[in-house]
Amino acid sequence: MCGIGGIINLENNPINIIDGAKIISKTLQHRGPDDEGFLFFKAEDVVCSYGDDTQKQSINNPFNFSAKQHIQQVEQKYTGLFVHRRLSIIDVSESGHQPMCTANGKIWITFNGEIYNYIELRTELEQAGYTFKTQSDTEVLLSAYLYWDSECLQKLNGMFAFAIYDIENKKLFCARDRSGVKPFYYYFKNGVFCFASEIKALRALPFIETCLNERALQHYLLHDAIEYESEGFLKNVFELSPSHFLELDLHDKKIQLKKYFDVKINTDFTVYDDQDFLVYKEKTEQLIADSIIKRLRADVPVGCCLSGGIDSSVISGVIAQHNKNFNAFTATFPGEKIDESNYAKNVVDFTQANWHTVTPTVEELISDFDKLIYALDIPIWSTSTYAQFRVMQLAKQNNIKVVLDGQGSDELFAGYSHYYTTYVNELLRNKQFKQAASEIKNFGNNFWLLYTKENAKRTLHYNANKKLLNTAFVKSHTAPENFTDNFSSLNENLHYDFFNHRLKTYLRCEDRCSMHHSVESRTPFADDTNLISLAFSTPSSYKINNGVSKYILRESMKNYLPETVYNRRDKMGFVTPHNKWLADLIEKKADLLNSSKLKPFFDDRFFVKTDRSTKKHHRLKNTANYKEDSLTFKALVFATWADLMNI
């Protein structure tokens, strides 16, 4: 797990590549405090260099990717650069130093992530005649690329974002994992190509030409859409989409993007069958357990996040069968309705984990607010992210470098309430009226309220945020690409959320919150190829059954859960007393909203009706019983982000 970056100057622009290297490395230091490495290149002329944070063992050792000279001694003649910041997890010795190269020095890589099946791939490659000098998954990835070229991506089970400099083929090959667990951003203009793990590292480069992308801002404020399109909040800064790779031909200076993975979706309706369900149940248990066990591979201690929900509890239950002395981390809110610590305590008693808790307060949020927004890189939805931020901080304080978390399960197995609407519509579409009636009855008294609301959103496209936004701003941009609420089946809805939409946004928060604290977060539900394929082949009727969400997950993993968690029907996730906190946040940040720099954003440009917005703020100060106020919070977040990013 690391931070990566690079610069390719294709047209000899007057940029200082040495300074660029130092800027990227310093900005991404939190992602890799254990080691620092640089590669400078021009055609076949390459030099490995080190910085002030490079571990001594990585300098002038026998490996051919050993750092040879200090960055201050590197000449400006080079046109290409790789940066690597290392968080040492697998093969923590100097043999895991990056950038790394093949034995012949013709292929170089800077890699962020973990290849969980690297042991199996290594065996396969050894049988093909390859030999290995290290115990790292990075060397396995390099050999896989050398053997299979771009087809190596089909072999990888894990989370990854990497760039490869292929000297003989004169190209840069960059790739990102299937669901977007690991980030990859790039900039390409006027013959300069740059990439980095975080937007802030690109923003910090003095030669980057960028500004606010108002289209992305409109999507965020109006549709709650974050990074639904490749160009995000900054113009000319693009995200490499999940399941895609990028090739930059260094000769003709052209970029090619290609999707390398998609999953076959079972959209055919299948009536629930006990025998067939047992087959899926056994496969699901096997693949979930296998995914979790593979993600325990590390040369440092591994813990887990524990909310008290089913997903994190399943992970804890599986870990407990393989490690009797693991650490679990929970955010608690004593006295609040949202507090789940009693469920987490049940899991701790069941697994005998070492339990660590943290109770975030609004005072701490106010103190950490700028740090939180800077860490997250782009605007966020809710204060709930702060609970996640503090859990990761808690892991670091207890010297745990790796945690497992439950992101992805809801999008595989139908964990959110809006999926009930999709499923009932699927039942009605397939003339399963009796089953539809049963689902409605078993869901409870709130079904029709949910059903009416969700269907109204899908057919009428009503959005309450419009009344507080400038009409011209609202109309100036269309909805995000591939933005839809209409699905013919539950699995189609899940696929939409899993790939490049809802889940990707949650994974971005997962990555930034953990890596800000130099903690690696692994997500066994989000990036295991076999599990993903099985889940999307599983019939809808096995995911929601008699008003029970994630039915097949509950049943397949029942033996790993305490009974109280197995029987849970409420869904929370990382939640906070949002509205209670928001009133204090607004009061403390009022000067920012009215600053000379940001006031134009709130005077007719975007938030035209600021008087009504102010009344809403006063309402929030008087009571916490209103529904979570997302637009007011997003306005505050945007103002903070714009200030920190110097927009």
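The values are calculated or read from the model by the stated rules, or taken from the named source; none is laboratory data. All values derive from a computational prediction rather than experimental measurement. Don't worry about glycine lacking a Cβ; one is built from the backbone with ideal geometry, like all the others, and counts go over all protein chains shown.
Of all positions in the stretch 427-449, at least one carries a residue that is surrounded by fewer than 22 Cβ atoms within 10 Å (Cβ to Cβ) and under 23 Å from Leu222 (Cα atoms).
The set of residues from the stretch 229-261 being touching a residue at least 40 places away in the same chain (Cβ under 8 Å), part of a loop (DSSP other than H, G, I, E, B) and out of contact with any helix residue (DSSP H, G or I) (no Cβ under 8 Å at 6 or more places or on another chain) comprises Asn236, Leu240, Ser241, Ser243, Leu250, His251, Lys253.
All told, Pro480 meets the bar of being surrounded by fewer than 21 Cβ atoms within 10 Å (Cβ to Cβ) and touching a helix residue (DSSP H, G or I) at 6+ places or on another chain (Cβ under 6 Å).
Listed here are the residues, each with its yes/no results for (1) outside the structural domain of Tyr228 (by TED's automatic domain parsing); (2) under 13 Å from Pro242 (Cα atoms); (3) at pLDDT below 95.
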| residue | (1), (2), (3) |
| --- | --- |
| Leu494 | yes, no, no |
| Asn500 | yes, yes, yes |
| Lys504 | yes, yes, yes |
| Ser514 | yes, no, no |
| Ser518 | yes, no, no |
| Thr523 | yes, no, no |
| Ala526 | yes, yes, no |
| Ile532 | yes, no, no |
| Ala535 | yes, no, no |
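In the condition set (1) under 25 Å from Pro480 (Cβ atoms); (2) buried (at least 18 other Cβ atoms within 10 Å of the Cβ), Lys281 is compliant with all but (1). Residues of the stretch 16-46 that are crowded, with 16+ Cβ neighbours inside 10 Å and not in a helix (DSSP H, G or I): Leu28, Gly32, Asp34, Asp35, Glu36, Gly37, Phe38, Leu39, Phe40, Phe41, Val46.
Evaluate the following for Lys182: is it in the same structural domain as Phe207 (by TED's automatic domain parsing), of a type in the set (D, E, K, R) and over 20 Å from Glu411 (Cβ atoms)? No, not satisfied. The condition of being in a helix (DSSP H, G or I) and aromatic (Phe, Trp, Tyr) holds for only one of Phe277, Phe269, that being Phe277.
Of the residues screened, Asp52 is one that is among the acidic types (Asp, Glu) and free of Cβ contacts under 8 Å to residues at least 24 places away in the same chain.
For the stretch 407-488, the helices (runs of 4 or more DSSP H) that sit wholly inside it and include 2 or more residues that are within 27 Å of the chain's Cα centre (by Cα) are 409-413, 418-429, 447-460. Among the candidates Thr110, Thr123, single out the residue that is surrounded by fewer than 22 Cβ atoms within 10 Å (Cβ to Cβ) and either out of contact with any strand residue (DSSP E or B) (no Cβ under 8 Å at 6 or more places or on another chain) or on the phi < 0 side of the Ramachandran plot (or both). When all the criteria are applied, what remains is Thr123. The set of residues in the stretch 531-564 being buried (at least 18 other Cβ atoms within 10 Å of the Cβ) and among the basic types (Lys, Arg) consists of Lys543, Lys550, Arg554.
Taking the condition of being under 19 Å from the mean Cα position of the chain (by Cα) and within 15 Å of Ser537 (Cα to Cα), how many residues in the stretch 489-502 meet it?
Count: 4.
Working only within the stretch 77-100, note down all residues that are under 19 Å from Tyr165 (Cα atoms) and either assigned to a loop (DSSP other than H, G, I, E, B) or over 31 Å from the mean Cα position of the chain (by Cα) (or both). Answer for the stretch 77-100, where residues must be under 19 Å from Tyr165 (Cα atoms) and either assigned to a loop (DSSP other than H, G, I, E, B) or over 31 Å from the mean Cα position of the chain (by Cα) (or both): Lys77, Tyr78, Thr79, His97, Gln98, Pro99.
Going by the conditions given, is Glu510 surrounded by fewer than 23 Cβ atoms within 10 Å (Cβ to Cβ), among the acidic types (Asp, Glu) and farther than 30 Å from Thr270 by Cα? Against the criterion (surrounded by fewer than 23 Cβ atoms within 10 Å (Cβ to Cβ), among the acidic types (Asp, Glu) and farther than 30 Å from Thr270 by Cα), Glu510 does not qualify. In the condition set (1) at pLDDT 95 or above; (2) exposed (fewer than 13 other Cβ atoms within 10 Å of the Cβ), Gln76 is compliant with all but (1). Among residues of the stretch 189-201 that are within 20 Å of Arg508 (Cα to Cα), those with a beta-carbon under 7 Å from a residue that is among the polar types (S, T, N, Q) at least six positions away or on a different chain give the pairs Ser197/Asn112; Lys200/Thr27; Ala201/Thr27. If you go through the stretch 208-248 and pick out every residue that is of a type in the set (Asp, Glu) and either buried (at least 18 other Cβ atoms within 10 Å of the Cβ) or under 26 Å from Phe160 (Cα atoms) (or both), you end up with 5.
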